[in-house]
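Below is one structure, written out as structure tokens, with a few remarks after it.
The values are calculated or read from the model by the stated rules, or taken from the named source; none is laboratory data. As the structure is a computational prediction, the values presented were derived from the model and not from experiment. Methodologically, a virtual Cβ is constructed for each residue, glycine included, from the backbone with ideal geometry; neighbour enumeration extends over all protein chains shown.
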Amino acid sequence: MTELRGVGIGLGVAQGPVARMAEPSPAPDDAPSTLSPDEEIARVREAVAAVARELEARGAAAGGLAREVLEAQAMMAEDPSLDAEVETRVNAGKTGEFAVYAAFASFRDTLAAMGGYLGERAADLDDVAQRVIARLRGLPAPGVPDPGHPFVLVAKDLAPADTALLDLDKVLALITTDGGPTSHTAILAREKSIVAIVGAAAAKDLVDGETVIVDAAKGVVTTSPTAEELAQAQHRADARAAAASAPLTPGALKDGTAVPLLANLGKPGGAAEAVELGAEGVGLFRTEFLFLSATNAPTVEEQTKAYTELLQAFPGKKVVVRALDAGADKPLAFLNDAHEDNPALGLRGLRALRASEDILREQLTALANADAASDADLWVMAPMVANVEETTYFVELAKEYGIKTAGVMVEIPSAALMAQKVLAIADFASIGTNDLTQYTMAADRLLGSVASFQDPWHPAVLQLIKATADGGKANGKPVGICGEAAADPLLAVVLVGIGATSLSMAPTALADVRASLLQHDLDDARRIAEAALAADDAASARAAAQAAAQNAA
Ligand code: PEP
Ligand code: MG
């Protein structure tokens, strides 16, 4: 038995045989063909037809949106003008592989130049070309494999389109060698409740067919497991399935201490699922997600409509809306128009809003309008607040618009260190552990090569969370958590032990966190938190919390 380490997403555990995602094949050489043009053309046509039929078959099996996407790809493969382009190149002495590569590439460039919807299809054409070339070479098709039985998918990373098309009856778990806990793969895996470990570099050596256990709670992949280990993993998977079907009680520790469990949302349309999964309100509504493709600032009317729809889905419940958080990985054309070498350290979040104060004023107007049109309890917070002065600025401005509860996100270490003073002014704080970890560890949250630093279990991050929670306590103000850390079931217990008063997460994480909180009373949670805080690094904090939790249970 050997263990490979990575970053686990959620609490899941699964086991099964590995199927690797084929690496994209290298571009073919421009060597002269040894076959006649007729032979080359026949090979290409056979390969194109086979690829088109396979895409159609996959689409028919998947149904819905996937069917439309794959049928469109099949049509592209058999486009007569592409066939003519290939023929011209083959007649000039090129191999079938090279002719396909060059013809598809020229079409791709034409499509990409058109921009918009057609431009976005360029990547689909690349995928078709890769499939045809792989078939001509007698290699497996790139993309998600289909070994004909359920499997553990191992990949470098997944394109969002691959993740969207994953058949959850077949993919038992997902392991990627790249990517961090806040990569798209991780976010989508969490959203779809796929057992996943990302950033497990050593998984590159796993081979097709070998049985592995994927333990996301520990971030460990076990190869060559013993029968006993397989049985234990099954037992845990069964217990987790039981948690998923447990009653949707309000979040609480074993002794009844209330820990409201809230949802992170990016669209009002996500509200229904959140309510269904037992969210007691919204802890983070990411308003920038509504406007990522907008070139101009949204109007007050557009915003009022979106916020009203959100608030009306939560009558009588708390809904925390974040003012536009633009910049770095989420640039908005109308707020971040200047080039910056280090956008994560630039004019982002509240800084960008302040530089375009009209936009912030319009957003506050829309939020006040939506508040008046609903019975929800609206809280509004500013993103990326660095200091006391920015806190005062935002809280005063929000109150000017009649916002009753105005707070700040604590994502920058300086705000955590100044929490006593920040929370003397703000009505509440919400800790964004994704950015707080990024800035504490100086590790880009999107960069696979530094993913091991991007771990909110690090005691330095936990100390800053404690400083913030203590600042809240001293001022009698709530301090919630809304970064991905709140979705880690054991870390959720630690966060409550440190003093967090609510937890907000992707709705699909609610069941695991609810079940985990119910296993510990407040004294246990505090002891588990102390064990983590006293550790030297993230891995030992996790291990110390696991040991303390086992002793407590
Ligand atoms: C965070 O930084 O933890 C957070 C919740 O905000 P976002 O992930 O949107 O940056
Ligand atoms: Mg953030």
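For segment 348-362: of the residues being of a type outside the set (Lys, Arg) and within 16 Å of ligand 1 (Cβ to nearest atom), which is farthest from Lys404 (Cα to Cα)?
Selected residue: Ala352.
Of all residues in segment 284-342 being of a type in the set (D, E, K, R) and assigned to a loop (DSSP other than H, G, I, E, B), which is farthest from ligand 2 (Cβ to nearest atom)? Show your work before the answer.
At the first step, the residues of segment 284-342 found to be of a type in the set (D, E, K, R) are 286, 288, 301-302, 305, 309, 317-318, 322, 325, 329-330, 337, 340-341.
Adding the requirement that they be assigned to a loop (DSSP other than H, G, I, E, B) leaves 317, 325, 329, 337, 340-341.
Working: Lys317: 23, Asp325: 6, Asp329: 9, Asp337: 21, Glu340: 17, Asp341: 20 Å.
It comes out as Lys317.
In segment 434-472, what residues are among the small types (Gly, Ala, Ser), within 16 Å of ligand 1 (Cβ to nearest atom) and not in a helix (DSSP H, G or I)? Break it down into steps so the answer makes sense when it comes.
First, the residues of segment 434-472 that are among the small types (Gly, Ala, Ser): 442-443, 448-449, 451-452, 460, 467, 469, 471-472.
Right, trim to within 16 Å of ligand 1 (Cβ to nearest atom) and you get 442-443, 451, 460, 469.
Selection gives Ala442, Ala443, Ala451.
Which one of the conditions (1) part of a helix (DSSP H, G or I); (2) free of Cβ contacts under 8 Å to residues at least 60 places away in the same chain does Ala50 fail to meet, given that it meets all the rest?
Ala50 satisfies every listed condition except (2).
Going by what's in this entry, would Pro298 be described as away from ligand 1 (no atom under 16 Å from the Cβ), assigned by TED's automatic domain parsing to the domain that holds Ser504 and either over 17 Å from Leu367 (Cβ atoms) or surrounded by fewer than 20 Cβ atoms within 10 Å (Cβ to Cβ) (or both)?
No: the conditions fail for Pro298.
Residues of segment 462-486 being surrounded by 24 or more Cβ atoms within 10 Å (Cβ to Cβ), under 29 Å from the mean Cα position of the chain (by Cα) and of a type in the set (Gly, Ala, Ser), which ones?
Filtering segment 462-486 down to residues surrounded by 24 or more Cβ atoms within 10 Å (Cβ to Cβ) leaves 462, 464-465, 468-469, 471-472, 479-486.
Filter once more, so that each one left must be under 29 Å from the mean Cα position of the chain (by Cα): 462, 464-465, 468-469, 472, 479-486.
If the condition is that a residue be surrounded by 24 or more Cβ atoms within 10 Å (Cβ to Cβ), under 29 Å from the mean Cα position of the chain (by Cα) and of a type in the set (Gly, Ala, Ser), then Ala469, Gly472, Gly480, Gly483, Ala485, Ala486 are the ones that fit.
Could you please tell me which pairs satisfy a Cβ distance under 6 Å, a separation of 6+ or placement on different chains, a first residue in segment 370-394 that is of a type in the set (Ser, Thr, Tyr), and a second residue that is not in a loop (DSSP other than H, G, I, E, B)?
Ser374/Leu311; Ser374/Gln312; Thr391/Val408; Thr391/Val422; Thr391/Ile425; Thr392/Ile425
(1) β-branched (Val, Ile, Thr); (2) closer than 28 Å to Ala239 by Cβ; (3) within 14 Å of ligand 2 (Cβ to nearest atom): which one isn't true of Val493, the others all being true?
The failed condition is (3).
Can you tell me which residue within segment 399-410, out of those that are surrounded by 17 or more Cβ atoms within 10 Å (Cβ to Cβ) and more than 16 Å from ligand 1 (Cβ to nearest atom), is nearest to Arg361 (Cα to Cα)?
Here the answer is Tyr401.
With the structure loaded, tell me whether Ala386 is in the same structural domain as Thr304 (by TED's automatic domain parsing), within 16 Å of ligand 1 (Cβ to nearest atom) and in a loop (DSSP other than H, G, I, E, B) or whether it fails that test.
yes
Among (1) in contact (Cβ under 8 Å) with a residue 60 or more places away in the chain; (2) in a helix (DSSP H, G or I), there is one condition Leu364 misses while meeting the rest; what is its number?
Status for Leu364: all satisfied but (1).
Might you check whether a residue that is in the same structural domain as Phe314 (by TED's automatic domain parsing), of a type in the set (Val, Ile, Thr) and surrounded by fewer than 20 Cβ atoms within 10 Å (Cβ to Cβ) occurs anywhere in segment 389-398? Don't jump to the end; show me each part of the working.
Step one: filter segment 389-398 for residues in the same structural domain as Phe314 (by TED's automatic domain parsing), giving 389-398.
Retained after the next criterion (residues that are of a type in the set (Val, Ile, Thr)): 391-392, 395.
Next, from what is left, pick out any that are surrounded by fewer than 20 Cβ atoms within 10 Å (Cβ to Cβ): 392.
Yes, there is a match, as at least one residue in segment 389-398 is in the same structural domain as Phe314 (by TED's automatic domain parsing), of a type in the set (Val, Ile, Thr) and surrounded by fewer than 20 Cβ atoms within 10 Å (Cβ to Cβ).
For segment 421-444, how many residues are within 16 Å of ligand 2 (Cβ to nearest atom) and charged (D, E, K, R)?
Result for segment 421-444: 2.
Of the residues that sit in segment 303-347 and are among the small types (Gly, Ala, Ser), crowded, with 16+ Cβ neighbours inside 10 Å and more than 23 Å from Val395 (Cα to Cα), which one is nearest to ligand 1 (Cβ to nearest atom)?
Result: Ala328.
Are there any helices (runs of 4 or more DSSP H) wholly within segment 473-544 with 3 or more residues that are within 22 Å of Val319 (Cα to Cα), modelled with pLDDT under 95 and out of contact with any Phe, Trp or Tyr (no Cβ under 6 Å at 6 or more places or on another chain), and if so which?
In segment 473-544, the matching helices (runs of 4 or more DSSP H) lie at 510-517.
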